[in-house]
């Protein structure tokens, strides 16, 4: 966990604290559980700052998430990097309820930066990834990757339930 000591800001000694860290999502952690088909083998890099603007505190972060997964249509390997920038308001547990999702809560003069970062990754990670925007996928009959060319399967097949209607045309 990345906990930032907020004492310099809370005491008024500083108006801004910078942070820079990287981490691998835990194998049994929330990100790995939600995105079980995505490999986060490279470190996620987080940089940012906390700024106090006359009692109003804000967390600003930039996150770089490299990932490997499979194309949702053709099952080919896909690598990508998700770039995220976000800001969250900060409050103390005296100011707001800990159930309030609008704020990152300072507890024991420390701010857990990892929690809002993981939350933002889960909000912005694509639900499905394609190798290319116009991926044609796999043939539902023979399984051939249609991006490599057409297969020899029959393209137009009449639904057997509607085949009787074809006799009306005769």
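For this structure, a couple of remarks:
- Taking 0.692 mPa s as the viscosity and 37 °C as the temperature, the Stokes-Einstein diffusion coefficient of segment 1-82 based on its alpha-carbon Kirkwood radius rounds to 218 µm²/s.
- Residues 142, 153, 74 in ascending order of nearby Cβ atoms (within 10 Å, fewest first): 142, 153, 74.
- Its Kirkwood hydrodynamic radius, worked out from the mean inverse distance over all distinct Cα pairs, puts segment 30-141 at 16.2 Å.
- 0 to 90° range, to nearest 10: angle between helix 114-124 axis and the chain longest Cα axis: 30
- Under 20 Å from the residue 123 label point (7 Å along Cα→beta-carbon), backbone N, segment 52-76: 52, 56-66
- Applying 1/(1 + (r/R0)^6) with R0 = 30 Å to the Cβ-Cβ distance of residue 144 and residue 72 gives a FRET efficiency near 0.95.
- With the simple model of a label 7 Å out from the Cα in the direction of the Cβ, residue 22 to residue 133 spans 3.1 nm.
- FRET efficiency, residue 36 to residue 165 (Cβ-Cβ, R0 35 Å, nearest 0.05): 0.20
- Between the alpha-carbon centres of segment 112-170 and segment 16-57 there is a gap of 33 Å.
Throughout, read-outs are computed from the coordinates displayed, never taken from laboratory work. Bear in mind the structure is a predicted one, so any value in this text is a computation, not a measurement. Don't worry about glycine lacking a Cβ; one is built from the backbone with ideal geometry, like all the others, and counts go over all protein chains shown.
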